[in-house]
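Each reported figure results from applying straightforward, stated rules to the coordinates on display, with no laboratory input. Bear in mind that the values here come from a model prediction, so they are computed numbers and not experimental data. Using ideal geometry, Cβ is built from the backbone for each residue, glycine included, and neighbour counts are taken over all protein chains shown.
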Amino acid sequence: MATNPGLAIEARGLSKQFGNLVAVDHIDLDVPKSRIYGFLGPNGSGKSTTIRLLCGLLTPSSGGATVLGLQVPGEAAALKPRIGYMTQRFSLYGDLTVYENLEFIADIYALTRAQRNRRIDELLEKYDLVAQRRQFAGTMSGGQRQRLALACAVLHKPELLLLDEPTSAVDPKSRRDFWAKLFELAHDGTTILVSTHYMDEAERCHRLAILDRGRKVADGSPAELQAATGMNIVEVLADDPVVAQSALGELTEVASITQLGLRLRVLIPESFADPIALIEAKLGQHRITARTATVPASLEDVFVAVTQKRQAA
Amino acid sequence: MKALRKLFAVIKKEFRQLRRDRITFFMIVGVPIGQILLFGYAINTDVRNLRSAVANQAHSHLSRQFVAELGQTQVLDLQFTVETPGQLEELLRMGEISVGVFIPPDFDRRAIDVHRPAAQMLVDGGDPTILGVANQLALMPFGFDAQSTVLRNRTIEVRPYYNPERRTAVNIIPGLIGVILTMTMTLFTAVAIVRERERGNLELLINTPVSTAELMIGKVSPYILIGLIQLALIVGVGQLLFKVPVRGSMLDLYVAASAFIVANLALGLFISTVSRTQFQAMQMTVFLLLPSILLSGFMFPFDGMPKLAQYLGELLPNTHFIRLTRGIMLRDASLADLGQELLVLGVFAVIALTAAILRFSRRLD
């Protein structure tokens, strides 16, 4: 595989099969260095499996990947000191204190005593864990645990950070703080691969890949993806959105309808000209009064559009 | 240097976790004390083919006939012929035989003398079962007696060695050390890797530069100390409550125990790498523990077991360790006398640890 020096990860045809289940199905990836790259997809879309393949924790059924210039899983041993990995589940020791966990990780990465103490103090400060220093990791809140896990993952200053749904168990405030930390890391040159099923998080990534049942269905920057949905998005404000939804459901042209409070978001492929007229005609037929307007695509619309397209295909 | 730092990181972490785990703490202290109090009593069974030796100084027709009849009982398996009672004692001490038959030069004369026993049986009294068998054998009517009108008490005088008071605890407790260590040591490490896998720690660990050997040796090391603490507890309680002696060198005992502990820990690690859940690991440990109790010579005299059971027993570390502890504690044998048993334990430990390291996968599939 030709390696592009600007890329941290390059995967071609990466696949993983567990028995009859194809968890990852011929995924190609180009993850640029010093960027935050997102994996967006529902549970079971193959995000975790892909991350594990990229760490060298799983052997691909076919295809392969180069991570930081090293083949996985063949050269995984050389890769380990250069990557940080945060598992989906909290994987530090609940019966060790915050400090002891950090100390253990530092020793595992063979930091010298002086380096270790300096780095731990720095991380406790940076990740707001000074007060929890002597607290058992098992008794901490979701947000605190997540900060500890991140601190441990970056302790040895890895070039590449792989984060598997890091924010799935934390409150919105912690998520915001967490992302601020990720941007700092990316700014300092760390490449970050992060999986999520939150749209707002996906929107923050420099680039992202949308995964659906093991396949990569789209990738690009959030703006690129939003510009290239291939759908017109019509927002319908109706007095009775439920009735309006059932009426619009009769239209075969409509790809998807999502209710947001009193509003409906209707996705219609761009191949159909004048979507507003189409919708207003249908609503008029049912004597439903509503206001309609075309709006720019959100990332959620992108997600719905690309997953719908695959179902249709 | 780096490897050493990583190794110590694992050891330190294990100690910290151990200190906080109450169930583990109970296992370290509670199991040995509970078991030692529980196993006060032995189970006696019929015994055959006890390894034995004869020192026949009479060289007479009658004495040869006597030896032949002893052999025909099948209770004794006369493996060696030596010259002096001293040699019998030597074989006894080395654990080569459990019964030595001494026939004095004046055997023929003694045989017709009602008041004096004709021969002497030197018995490893450490095992009360064997002693019981020897006592029964001593009551055996002997051919030349049939014509005699005088009832004689005994043809043979039995001299129990090492346990003159015939107390079961003296035999049980050296064996119990092996049983307790098998149980706790194997279980500790059998669940060690699986537990980390179940709790998700392993996925993080195998993504760090820690090597498999560092991880395995780091996990085993703290338990060696714990095993030796258990040994001290059992020996201490044994001496205090059951007056079990330690006639040999205490250092020999600890050296032998260290080899045995490492063998069991390594075996536990291997179990840990083949089982998927802690429950499976525990089941496998119990599966191993039962033969370690039944086939190791702990409950039943080893020589009395069927050949197949003996072969199986030889595969268990506990069998060899029990020979070591009984030898050292009861018969004042040295490690040099029992070098082969120690060697077997060492080989076992190396094989099991290597197998565990090879078997451990740094991947999840």
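The table below gives the values:
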| quantity | calculated |
| --- | --- |
| Against the rule of thumb 2.2 N^0.38 Å, how large the Cα Rg of the stretch A:186-272 comes out | 1.38 |
| Convex hull of chain B built on C-alpha atoms - directionally averaged projected area, nm² | 19.9 nm² |
| Packing-based ranking, highest mean first, of B:246-257, B:301-312 given that Cβ atoms within 10 Å are counted | B:246-257, B:301-312 |
| Exposure rule at most 16 other beta-carbon atoms within 10 Å, DSSP loop GluC sites (Glu not before Pro): chain B longest free segment | B:166-365 |
| Value of [θ]222 nm, deg cm²/dmol, for chain B, DSSP H segments ≥ 4, -39500 (n - 2.57) each, nearest 500 | -20500 deg cm²/dmol |
| Taking chain B and dividing mean pair separation by its residue count, relative contact order in percent (alpha carbons under 8 Å, at least six apart) | 20 percent |
| Which of B:Thr81, B:Thr319 has the fewest Cβ neighbours within 10 Å, and the rest in rising order | B:Thr81, B:Thr319 |
| Under 5 Å, built H, 5+ apart or other chain: amide partners of A:His26 | A:Ser15, A:Lys16 |
| Hz values of 3J(HN,Hα) by residue in the stretch B:53-67 - Karplus curve (6.51, -1.76, 1.60), Gly and Pro given as x | 9, 10, 10, 9, 9, 7, 6, 9, 4, 4, 5, 5, 5, 4, 4 |
| Percent RCO, i.e. relative contact order, over the stretch A:140-267, from Cα pairs under 8 Å lying at least 6 residues apart | 16 percent |
| Shielding of A:46-54 by partner chains, average beta-carbon count, 10 Å | 1 |
| Of A:Lys47/A:Lys216; A:Lys80/B:Lys6; A:Lys80/B:Lys12; A:Lys16/A:Lys216, those spanning more than 20 Å from alpha-carbon to alpha-carbon | A:Lys80/B:Lys12 |
| Residue mean of other protein chain beta carbons inside 10 Å, A:73-86 | 2 |
| At most 16 other Cβ within 10 Å, DSSP loop - GluC sites (Glu not before Pro), the stretch A:200-250 | A:Glu250 |
| Under-5 Å amide H pairs with B:Gln57, H placed in peptide plane, nonlocal only | B:Ile103 |
| Rotationally averaged projected area of the stretch B:50-161 (alpha carbon convex hull; nm²) | 6.2 nm² |
| From phi via Karplus (6.51, -1.76, 1.60), per-residue ³J(HN,Hα) for the stretch A:139-151 in Hz, x at Gly/Pro | 9, 8, 6, x, x, 5, 4, 5, 5, 5, 4, 5, 4 |
| Length-normalised contact order of the stretch A:7-225 in % [C-alpha pairs under 8 Å, at least 6 apart] | 31 percent |
| Percent of C-alpha pairs per 5 Å bin, the stretch A:7-225, short to long | 1, 7, 15, 19, 20, 16, 12, 7, 3, 0, 0 |
| Hz values of 3J(HN,Hα) by residue in the stretch B:258-272 - Karplus curve (6.51, -1.76, 1.60), Gly and Pro given as x | 4, 4, 5, 4, 4, 4, 5, 5, 5, 4, x, 4, 4, 4, 4 |
